[in-house]
Amino acid sequence: MSTSTDRDLSRAIREWSEIVSADHVVTDPTSLGAASTATFATSARLPLILRPADRQQVQACLRVANAHRVAVYPISTGRNWGYGSRVPAADGSVLLDLSRMNRIVDFSEDLAYVTVEPGVTQQQLFDFLRANRSRLWMDATGARPDCSLIGNTMERGFGHTPYGDHFAHVCGFEVVLPGGECIETGFSRFARASTGPLYRWGLGPTLDGLFTQSNFGIVTRMSIWLMPAPEHFEAFFFRCDDERGLGDVLDALRWLRLNGTMRSAAHIGNDYKVLNGIGQYPWERTSGTTPLRPELMAGLRKELRFGAWNGSGGLYGTRAQVREARRLMRQALRGKVAKLQFLSERKLDLASRFARPYGLITGWDISAALELVRPVFSLLKGVPTEAPMASSYWRKRTPPPADMDPDRDRCGLLWCAPVAPLEARHGERLTRLSIDTLLAHGFEPMLSLSLVTDRALTCVVSICYDRDVPGEDDRAMRCYRELLDRLTASGYHSYRLGIQSSAEMADNDAYAALLATLKRALDPNEILAPGRYGIG
């Protein structure tokens with residue numbers, strides 16, 4: 001275990017100041033306080049922030065950390081809300097902020113890839129593609145536009161388009177190891193290799209996965225595959241009014257995924273999740289009490305005309321392919337959903353401009369849902385949007401500000417992300433367990449189910465609260481812990497963990513023992529992100 005004294009840290013600071021310059025060794029209390037704040041209670045102390053400008057400076061910073069046994073915790077842009085934001089997993093770690101490393105270092109329109117550094121954000125890549133009049137689309141998450149592309153991929157996050165499984169569409173990592181050495185993965189390890197950004201596996205054992213959700217190295221460069229813009233795109237939206245109808249919908253969508261009809265990462269939100277996306281907690285309707293009970297939720301659902309379960313996704317291809325996909329979707333979901341609607345750019349424009357007449361013509365009153373539909377439509381085309389971030393202000397008594405910052409504004413948010421087989425019985429069991437647990441603890445059960453792969457679903461459960469209410473941090477964490485325990489006991493393990501639950505990874509099985517062996521070999525001084533995902 002890495003141990004350091006104040007003298008060790010002082011010596012390290014002097015050497016780091018020579019490497020990155022004193023201006024990028026941040027020690028002022030305001031900045032450190034902001035970086036130590038998350039969307040739930042944390043206790044880790046942060047002595048300083050380092051801001052290297054390039055890979056060579058990262059290497060030099062790690063060598064100094066080893067020499068003085070000072071732990072460092074790397075972040076890309078640090079907007080890991082719901083999982084710990086910028087806060088290190090271990091007390092006393094120095095924050096290694098890579099946001100200055102924001103170059104797009106390679107791009108090919110013909111081979112549809114881009115190579116980026118950790119500080120490159122969703123908005124930066126989107127603007128780059130637009131400036132180059134590219135015919136390629138990126139995939140975007142529902143996080144803010146200024147979130148890191150590499151940061152999300154290192155957590156094996158997902159988005160909305162057919163390229164929504166982010167780790168499945170990247171390769172050619174440049175990695176700085178804990179001792180300061182640099183390696184490249186795949187064919188990029190070979191001099192003059194022509195396919196480093198194009199072929200994931202390279203030759204021999206493939207190492208890319210070792211550097212996701214771990215503390216074995218720092219990825220300082222990565223190639224991302226981009227999606228050719230389709231000839232035609234349409235979004236689909238459906239609602240299921242029957243609270244018990246989720247299973248039939250999941251079974252229908254599974255076959256649409258397996259047979260290639262539906263290629264996007266479709267999402268299904270429950271009624272609480274939709275209401276959370278439309279606005280803040282209805283304090284007047286509940287006379288200021290919490291939680292929002294299911295019986296009142298049912299009334300709001302009927303009033304605002306959304307379902308118990310509400311789905312969205314995209315259809316991509318030629319006009320003929322999209323037309324056939326629409327037919328197959330209608331056939332598969334007939335009798336299982338109350339309304340299935342397809343939206344093209346033209347239809348959405350008409351709906352936005354003439355919402356009332358459009359509802360009369362189509363029978364679908366879209367006016368109340370347009371605020372939710374527009375950002376989802378954009379995400380399905382790889383366009384980053386800030387709109388979903390407002391949902392973290394659910395129980396705040398004031399509206400979200402223009403410059404939303406959930407950490408600064410003391411929004412309470414904990415995310416639990418279990419994965420289950422894409423079958424009716426598992427989807428129903430997982431969602432029932434989650435709903436019951438959150439309501440029992442006094443929180444609204446906001447569930448979003450994502451069909452990121454053909455055979456499994458990921459359910460992101462949001463525990464939203466107001467950190468300014470005394471006792472809410474503790475109550476929310478108790479709810480989170482019970483939910484995680486119950487899900488795990490039922491076989492539904494999370495695909496992603498935050499600093500609040502990294503210890504859950506610790507185990508005595510052979511897999512954990514192998515991870516510990518790798519950690520000792522790569523990082524004998526345990527200076528890189530100790531405790532992250534329970535490793536070291």
Matching residues in region 160-175 - criterion: being open to solvent by 30 Å² or more (accessible area, probe 1.4 Å) and part of a helix (DSSP H, G or I)
Phe167, Ala168, His169
How many of the residues making up region 193-213 are of a type in the set (Ser, Thr, Tyr) and open to solvent by less than 10 Å² (accessible area, probe 1.4 Å)?
1
Failed item, numbered, when Trp225 is tested on (1) more than 23 Å from the chain's Cα centre (by Cα); (2) open to solvent by 20 Å² or more (accessible area, probe 1.4 Å)
(1)
In region 33-59, the residues that are more than 27 Å from Leu177 (Cβ to Cβ), outside any loop (DSSP other than H, G, I, E, B) and touching a Lys or Arg at 6+ places or on another chain (Cβ under 9 Å):
Ala34
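A quick yes/no check of all residues on (1) hydroxyl-bearing (Ser, Thr, Tyr); (2) under 30 Å from Gly471 (Cα atoms):
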residue	(1), (2)
Phe377	no, no
Gly382	no, no
Asp409	no, yes
His426	no, no
Thr453	yes, no
Out of (1) touching a residue at least 24 places away in the same chain (Cβ under 8 Å); (2) under 25 Å from Phe107 (Cβ atoms); (3) open to solvent by less than 30 Å² (accessible area, probe 1.4 Å), what's the single condition that is false for Leu253?
(2)
Considering only region 23-34, I want to know if a residue exists there that is in contact with a Phe, Trp or Tyr (Cβ under 7 Å, 6 or more places away or on another chain) and open to solvent by 10 Å² or more (accessible area, probe 1.4 Å).
yes
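With the condition kept exactly as written, say whether any residue in region 313-326 is part of a loop (DSSP other than H, G, I, E, B), within 27 Å of the chain's Cα centre (by Cα) and small (Gly, Ala, Ser). Before the answer, list the steps.
Step one: filter region 313-326 for residues part of a loop (DSSP other than H, G, I, E, B), giving 318.
So of that shortlist, the ones also within 27 Å of the chain's Cα centre (by Cα) come out as none.
No, because not a single residue in region 313-326 is part of a loop (DSSP other than H, G, I, E, B), within 27 Å of the chain's Cα centre (by Cα) and small (Gly, Ala, Ser).
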Filter region 1-27 down to the residues that are modelled with pLDDT of 95 or more and assigned to a loop (DSSP other than H, G, I, E, B) and list them by number.
Ser21, Thr27
Among (1) more than 29 Å from His232 (Cα to Cα); (2) touching a residue at least 24 places away in the same chain (Cβ under 8 Å); (3) open to solvent by less than 20 Å² (accessible area, probe 1.4 Å), there is one condition Thr290 misses while meeting the rest; what is its number?
(3)
Could you say which residue among Thr431, Thr458 is open to solvent by less than 10 Å² (accessible area, probe 1.4 Å) and not in a loop (DSSP other than H, G, I, E, B)?
Thr431
Please list, ordered by first then second residue, the pairs with beta carbon atoms under 8 Å, 6 or more apart or interchain, first in region 32-47 and closer than 12 Å to Met477 by Cβ and in contact (Cβ under 8 Å) with a residue 24 or more places away in the chain, second open to solvent by less than 20 Å² (accessible area, probe 1.4 Å) and of a type in the set (A, V, I, L, M).
Ala38/Val87; Thr39/Leu413; Thr39/Leu414; Phe40/Leu413; Phe40/Leu414; Phe40/Ala476; Thr42/Val87
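Please specify each residue of region 176-192 satisfying the condition of being at pLDDT 95 or above, assigned to a loop (DSSP other than H, G, I, E, B) and open to solvent by 10 Å² or more (accessible area, probe 1.4 Å).
Matches in region 176-192: Leu177, Gly179, Glu181, Phe190.
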Residues that are buried (at least 19 other Cβ atoms within 10 Å of the Cβ), aromatic (Phe, Trp, Tyr) and not in a helix (DSSP H, G or I): does region 414-425 have at least one?
yes
Any idea which residue in region 504-536 is surrounded by the most Cβ atoms within 10 Å (Cβ to Cβ), counting only those that are on the phi > 0 side of the Ramachandran plot and modelled with pLDDT of 95 or more?
Ala529
Which ones in region 340-360 are at pLDDT 80 or above and either open to solvent by 80 Å² or more (accessible area, probe 1.4 Å) or assigned to a helix (DSSP H, G or I) (or both)?
Glu345, Arg346, Lys347, Leu348, Asp349
Of (1) touching a helix residue (DSSP H, G or I) at 6+ places or on another chain (Cβ under 8 Å); (2) not in a loop (DSSP other than H, G, I, E, B), Thr30 satisfies every one except (1)
Does region 317-335 contain at least one residue that is of a type outside the set (Phe, Trp, Tyr) and modelled with pLDDT under 95?
no
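Give the residue, chosen from Leu304, Leu300, Leu333, that is more than 21 Å from Arg263 (Cβ to Cβ), touching a Leu at 6+ places or on another chain (Cβ under 9 Å) and touching a residue at least 40 places away in the same chain (Cβ under 8 Å). Let's see the steps before the verdict.
Working: Leu300 fails: touching a residue at least 40 places away in the same chain (Cβ under 8 Å); Leu333 fails: more than 21 Å from Arg263 (Cβ to Cβ).
Only one candidate qualifies: Leu304.
The values are calculated or read from the model by the stated rules, or taken from the named source; none is laboratory data. None of the values given here were measured: they were computed from a predicted structure. Cβ coordinates were reconstructed from backbone atoms using ideal geometry, including for glycine residues, and neighbour counts include every protein chain displayed. Just so you know, the surface numbers come from the protein's heavy atoms only, side chains and all, with ligands and any DNA or RNA stripped out. Shrake-Rupley method; radii C 1.70, N 1.55, O 1.52, S 1.80 Å.
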